[in-house]
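The values are calculated or read from the model by the stated rules, or taken from the named source; none is laboratory data. Since the structure is predicted, the reported quantities are computational estimates derived from the model, not experimental observations. Glycine gets a Cβ as well: all are built from the backbone with ideal geometry, and neighbour counts include every protein chain shown.
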Amino acid sequence: MSTEQLERLLRDRAEQVETGTAQRRLAAVDDRVGVLRRRRRALQLVGALGAVIAALAAWMLVPRGAPTGGVDTPVLPPEKVVEPPPELVGDQLPATVTVNEVPYAYFRSVEAPKGWDTFRVTVLARRQPQTVVWATPDGTPGRLVVTVDGDVVSRDPAGRLETGLTLSPRRSHLVTLHLTHRSADSTMGVAIYRWPSS
């Protein structure tokens, strides 16, 4: 065998070895990718199953309707404006509430049915600011937690009339009252006062 033939034979063998090695490496990579895909699919299935179980458990554990004493949809105060202002859960409402030297005039009010621990009221948007007043009857135990659009604005003891939280103009607001100690006689209410007419 000549040197040239030996050279050619060694080159051919080297190419065969490299091609075989590359094929084996590619096959190993394909196997690893397949294993990872199967693991990912299994984890996705376990995650989806866990989400379904969690949703089912939450659905079963969350109390419904009257037992919670709350409402699912916010209440709009009645359209009828009463003059002079009525009582709100036993407290006489003032005709005006002054906040930051602005005398807001009584507009309307609404009370929760007895026995509720959570009461939501929608205050519709106006061009000028509005202010809200909330109350619980004297002797109501616990605290009244008040949130506006999800932000806690008061966590005071229940059993009194609280006045003068100003709401920003040009947007609706969700006012939520929550009693920490509910009883069959517990109630609460919200009154809305508007910017004075010119």
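Within 17 Å of Pro86 (Cβ to Cβ), at pLDDT 90 or above and not aliphatic (A, V, I, L, M): does that describe Thr163? Answer is no for this residue. The requirement of being surrounded by 10 or more Cβ atoms within 10 Å (Cβ to Cβ), modelled with pLDDT under 75, under 30 Å from Val145 (Cα atoms) and β-branched (Val, Ile, Thr) is not satisfied by Val89.
Here His178 clears all of (1) of a type outside the set (Lys, Arg); (2) over 20 Å from Pro84 (Cα atoms); (3) part of a loop (DSSP other than H, G, I, E, B) except the condition numbered (3). Counting only strands (runs of 3 or more DSSP E) that fall entirely inside the stretch 83-147 and contain at least 3 residues that are over 31 Å from the mean Cα position of the chain (by Cα), the qualifying elements are 102-111.
Hey, among the residues in the stretch 92-137 that are charged (D, E, K, R) and either surrounded by fewer than 16 Cβ atoms within 10 Å (Cβ to Cβ) or not assigned by TED's automatic domain parsing to the domain that holds Gly189 (or both), which one's nearest to Gly189 (Cα to Cα)?
In this case the residue turns out to be Lys114.
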